[in-house]
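The values are calculated or read from the model by the stated rules, or taken from the named source; none is laboratory data. In this text the structure is predicted, and so the values were computed from the model without any measurement. Reconstructed Cβ throughout: ideal geometry from the backbone, glycine too, with neighbour counts over all protein chains shown. Just so you know, the surface numbers come from the protein's heavy atoms only, side chains and all, with ligands and any DNA or RNA stripped out. Shrake-Rupley method; radii C 1.70, N 1.55, O 1.52, S 1.80 Å.
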Amino acid sequence: MATGYLEILRARHALRLLTGTLVGRLPNATAAIAMVLFVRAQGGTYSQAGLLAAVYGVANAVGQPVLGRLVDLYGQPRVQLPAAVASALAMTAFAFCGIAPPALAYAAVAAAGLFTPPLEGGLRALWPSVLRREEQVHTAYAMDAVAQEVMFTVGPLLVTLCVSLWSERAALLVLNALGVLGALSVVLSPPSRAWRSAPREAHWLGALRSPGLLALLGAFLFVGIAMGSITVASVPYADAHGGDAVYGWLMAGLGLGALVGGTVYGARTWSGTPERRLRVLVALLAVCYLPLVLMPGVVAMVLLSAVAGVFLAPCIACAFIIVDRHAPRGTVTEAFSWLVTTFTVGASVGTGLAGPVVQSGGALWGFALPVVAGAVSLLVLLGTGRVLVAPVRGGVVAASTENDPNRAVEPRFSSGDRA
């Protein structure tokens, strides 16, 4: 199992790109917890902290596909680094100005979210130029999904470490400085500087003109809802069985399950089309959420949480392959950014839905919500099976291309029936 991953990490520039991207994304991964701690240290309320985090999340969801399109048009260094600096400066302004006046605080966090660089989509666009075999790229997608789980586990620990060593303000400043350094490492690398998107048809919809991509995004909205709702449903269960420590173990179980599932999934080559495989993975994801409604004792519940997380990372890794197959020419970074945005919005919607559901029906109905969301995601994939069968490359490229006067070939693979 380890051989395939080691082969990827030994490829020239691969480790630098993966590490730089993960470090560059730390400000985004830790924004919510860092802002909540900072607002509380400033004497603000949890409601105010939640609103600021929500503004950041909405702005981030808007900015990712917009910046992704700019990357496709103008290249990674000219967009990623200025965006990282602008986001860090905005969060620095928030750290020094605090929560008063409120208008300035909201404007600062909105700018920080809006200018968060699309490093995640950029890395996936770079893999085909760094890894020369198609099966290596697919393994890299799985490794990328696993690395996300690690980052979202380590990130909050870094926040608490910075707070304990220095202060809440220092945590915001340090993590955003690290983010800029991570983005700098990526954009100065030869693959990032050499990468050019393929010539693209001038179209205001960009990547969204692909029916297959729209179908995938519709399905992943509900995968995000499932993920967001389960984090809220776990709160009343933890309150009834031991408090914050139990909640931490439940979330750790979900992360561990995703880590194991993604690692195993990426260690082998799968036959058949990724579109068909995603339907199976989403079905298994929904089925594995179902035992949570039993709400057994803490040890059993943690084990069930680990099982519930097993198929999340494989679903994400498989979706990366489908995005690459269905993104119109010249829109690959934007397409990956849309997947990130859709999943993020779905998680936010799931969090918002789970609150009233738990309030009225308790933890039982809260744990039923991810099951329903997973089932709806599967129905979307089944209902859009026809548009997901054949990849669409975006038709004829306009004579006057938007983004590449040299008409460079975008490094990517045509997966055919292999994945």
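Being open to solvent by less than 70 Å² (accessible area, probe 1.4 Å) and farther than 20 Å from Val287 by Cβ is the filter here; which residues of the stretch 355-379 pass it?
Hits for the stretch 355-379 are Gly355, Val357, Val358, Gly361, Gly362.
Okay, residues lined up against (1) over 20 Å from Val372 (Cβ atoms); (2) open to solvent by less than 20 Å² (accessible area, probe 1.4 Å); (3) out of contact with any strand residue (DSSP E or B) (no Cβ under 8 Å at 6 or more places or on another chain):
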| residue | (1), (2), (3) |
| --- | --- |
| Leu278 | no, yes, yes |
| Val282 | no, yes, yes |
| Ala286 | no, yes, yes |
| Leu290 | no, no, yes |
| Val293 | no, no, yes |
| Val299 | yes, no, yes |
| Cys318 | yes, yes, yes |
| Ile321 | yes, yes, yes |
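Taking the conditions exactly as written (open to solvent by 50 Å² or more (accessible area, probe 1.4 Å) and either of a type outside the set (Phe, Trp, Tyr) or at pLDDT 85 or above (or both)), does Val260 satisfy them or not? Show your work before the answer.
Details: open to solvent by 50 Å² or more (accessible area, probe 1.4 Å): yes; either of a type outside the set (Phe, Trp, Tyr) or at pLDDT 85 or above (or both): yes.
So Val260 fits the description; yes.
Please specify each residue of the stretch 229-262 satisfying the condition of being over 22 Å from Gly374 (Cα atoms) and in contact (Cβ under 8 Å) with a residue 24 or more places away in the chain.
Matches in the stretch 229-262: Ala240, His241, Gly242, Val246, Trp249.
If the Cβ limit is 9 Å and pairs must be 6+ apart or interchain, which residue in the stretch 356-384 that is farther than 18 Å from Leu217 by Cβ pairs with which residue that is acidic (Asp, Glu) and part of a helix (DSSP H, G or I)?
Short answer, once both residue conditions are applied: Ala363/Asp239.
Filter the stretch 133-155 down to the residues that are free of Cβ contacts under 8 Å to residues at least 40 places away in the same chain and over 30 Å from Gly248 (Cα atoms) and list them by number. Let's see the steps before the verdict.
Taking the stretch 133-155 as the starting set, the residues that turn out to be free of Cβ contacts under 8 Å to residues at least 40 places away in the same chain are 133, 154.
Once the filter is applied, which keeps residues that are free of Cβ contacts under 8 Å to residues at least 40 places away in the same chain and over 30 Å from Gly248 (Cα atoms), the stretch 133-155 yields only Arg133.
What number of residues in the stretch 103-148 are under 17 Å from Leu339 (Cβ atoms) and of a type in the set (D, E, K, R)?
3
Looking at the stretch 1-39, which of its residues are loosely packed, with under 15 Cβ neighbours inside 10 Å and among the basic types (Lys, Arg)?
Arg10, Arg12
Can you give me the number of residues within the stretch 1-26 that are at pLDDT below 90 and not in a helix (DSSP H, G or I)?
Residues that pass the stated criteria total 1.
When you scan the stretch 118-132, how many residues do you find that are open to solvent by 10 Å² or more (accessible area, probe 1.4 Å) and either touching a Ser or Thr at 6+ places or on another chain (Cβ under 8 Å) or aromatic (Phe, Trp, Tyr) (or both)?
Here the count works out to 1.
Select, from Leu161, Leu172, the only residue that is in contact (Cβ under 8 Å) with a residue 40 or more places away in the chain and either in a helix (DSSP H, G or I) or of a type in the set (D, E, K, R) (or both).
Leu172
Out of everything in the stretch 323-348 that is within 19 Å of Ala29 (Cβ to Cβ) and polar (S, T, N, Q), what residue ends up being farthest from the chain's Cα centre (by Cα)?
The qualifying residue farthest from the chain's Cα centre (by Cα) is Ser348.
Pairs, please: C-beta under 6 Å, at least 6 apart or cross-chain, first residue without any contact (Cβ under 8 Å) to a residue 24 or more places away in the chain and in the stretch 4-32, second aliphatic (A, V, I, L, M) and buried (at least 21 other Cβ atoms within 10 Å of the Cβ)?
No pair meets every condition.
Give the residue, chosen from Gly63, Gly44, that is touching a residue at least 40 places away in the same chain (Cβ under 8 Å), over 30 Å from Pro128 (Cα atoms), of a type in the set (Gly, Ala, Ser) and in contact with a Gly (Cβ under 9 Å, 6 or more places away or on another chain).
Exactly one residue qualifies, and that residue is Gly44.
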